[in-house]
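Q: Below: one structure in structure tokens.
The values are calculated or read from the model by the stated rules, or taken from the named source; none is laboratory data. In this text, all values refer to a predicted model and were calculated from it rather than measured experimentally. Cβ placement follows ideal geometry from the backbone for every residue including glycine, while neighbour counts extend to all protein chains displayed. To get the accessible areas, we keep the full protein, side chains included, count just its heavy atoms, and leave off ligands, DNA and RNA. Shrake-Rupley method; radii C 1.70, N 1.55, O 1.52, S 1.80 Å.
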Amino acid sequence: MSDMVLHGLPLKRDAGPFDPPTEITRARQNRPVCPMVFHDGHAGWLVTGYEEVRQLMADNRFSSRQDLGVLHVPNEIPGMPTPTEPSPQVPGLFIAMDPPDHTRLRRKLTGAFTVRRMKELEEHIAEITERQLDAMARLTPPVDLVAEFALPVPSLVICELLGVPYDDRETFQANSAKFMLREIGLEDKMAAYTAITGYLAELVVGKRAKPGEDILSDLARDEDLSIEELVGIAFLLLLAGHETTANMIGLGTFALLEHPAQLAELRENPDLTAGAVEELMRYLSVADIFYRYAAEDLELGGEQIPAGSTVIVSLLAANRDPRRFDDPDALDIRRNARGHTGFGHGVHQCLGQQLARIERRAGFEGLLRRFPTLALAVPAEEIRVRSDMNIYGVHELPVTWTT
Ligand code: HEM
């Protein structure tokens, strides 16, 4: 067993904008379950191997709860006090719960996100995508693809599904972007959180009084759910529903433009889109870092993890594990990328994955068809990547095309 130990979580994308930080790749090679010293001195763990990540995510003794014990943070966050106590459980936020609480809430939503329900939406999502592409085509390039396309499409879709008026997007888009900042002071983070949840509380109270035809109204009809729970669920769905997909489309387009042979192949064979979307998920893993808490003494990958440890997983590292994928650092739209962990694994595996797949297929297919000469409008080195955010991606993607 290697004696490698990490000090803090490496975040800088020193190996290139699409690849894991070198230190993380090294950890996976040498010690896929690697001890870490956090900035407060706590001894935690980083899990980077594909098998080890899957095993951890399938085992609820690696708890998702933040109220069981202190979840330590690996790096210092300026303006954020070092946590010394567990965080209280937020009602409705089932991503941070274990069974049976998690099961009770997730079950109320599975019907709304089935493969069949999502298939029924496919045509409508294609229309929304097409309308947004029409609007973009009317602009004079260069334009920012994130602002004009990658963010509006999933935002419009999740707003419509949930019954959140899209016209109110100023409130939740700006605040959710703030909330997702890694290095944000406590006061600013709380202000962003309060702005979104205050807005959502008013919305769900209205829906309980006068429900309409949308997912939040269906939930509001269920008297088993409190208003606080409805707000927590709405918060989770709204944030998870647009930040992740938006970044997949933005970063995915950047990755394709930087791999011209792959892009040309995809343009020639639009039938490859579904496979390309899966491969981009694996290759980019925009939702990369997740936390777990060891509820008891546990063994993983031959290492002994004591109860009370904070355990961090890197889904990106797992998806680049050569023990699972051949030539893992190559983007290859023809490979079978199924089995990747980009949507997680186990009971918390992404609820919105079918929706995300449909949005991305429509997004990439439409974008490449409508803009055959799409190109970056600035040198690739000038694209600002989001290593400062909890979901990876690009802040802006200036693109151009010949008109
Ligand atoms: C959970 C990724 C899109 C809703 C997750 C998890 C991952 C993930 C990795 C597991 C978290 C964990 O184990 O702690 C992604 C990516 C997406 C995407 C990469 C886009 C490309 C969406 C969309 C929705 C959504 C569109 C819309 C509803 C959720 C919810 C959970 C979740 C509610 C929590 C599930 C649970 O705790 O049972 N997602 N997601 N996601 N995702 Fe997604």
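Q: Would you mind telling me which numbered condition in (1) out of contact with any Asp or Glu (no Cβ under 7 Å at 6 or more places or on another chain); (2) open to solvent by less than 10 Å² (accessible area, probe 1.4 Å) Val33 fails?
A: Every listed condition holds for Val33 apart from (1).
Q: Looking at the structure I just gave you, is Tyr291 outside any helix (DSSP H, G or I) and within 14 Å of the ligand (Cβ to nearest atom)?
A: Spelling it out, Tyr291 is indeed outside any helix (DSSP H, G or I) and within 14 Å of the ligand (Cβ to nearest atom).
Q: Conditions first: (1) farther than 26 Å from Arg360 by Cα; (2) within 15 Å of the ligand (Cβ to nearest atom). Thr245 passes all but one, so which condition is the exception?
A: (1)
Q: Would you tally the residues in region 351-366 being in contact (Cβ under 8 Å) with a residue 60 or more places away in the chain and either part of a loop (DSSP other than H, G, I, E, B) or polar (S, T, N, Q) (or both)?
A: The total comes to 3.
Q: What single numbered condition from (1) on the phi < 0 side of the Ramachandran plot; (2) under 15 Å from the mean Cα position of the chain (by Cα) fails to hold for Ser285?
A: (1)
Q: Another one. On the given criteria, is Gly92 touching a residue at least 60 places away in the same chain (Cβ under 8 Å) and away from the ligand (no atom under 16 Å from the Cβ)?
A: no
Q: Being modelled with pLDDT of 95 or more and at positive phi narrows it down to one residue among Gly363, Gly344; which is it?
A: Selected residue: Gly344, the only one of Gly363, Gly344 that is modelled with pLDDT of 95 or more and at positive phi.
Q: Something else about it: Considering only residues of region 248-285 that are outside any helix (DSSP H, G or I) and open to solvent by 10 Å² or more (accessible area, probe 1.4 Å), which is farthest from His395 (Cα to Cα)?
A: Ranking the candidates gives Asn269 first.
Q: In region 99-113, is there at least one residue being open to solvent by 50 Å² or more (accessible area, probe 1.4 Å) and assigned to a loop (DSSP other than H, G, I, E, B)?
A: Yes, the conditions are met somewhere in region 99-113.
Q: Of the residues Ala192, Ala220, which single one is in a helix (DSSP H, G or I) and at pLDDT below 95?
A: When all the criteria are applied, what remains is Ala192.
Q: For region 348-361, name all the residues that are surrounded by 23 or more Cβ atoms within 10 Å (Cβ to Cβ) and either more than 10 Å from the ligand (Cβ to nearest atom) or farther than 15 Å from Arg117 by Cβ (or both).
A: Residue satisfying the conditions is Arg360 alone.
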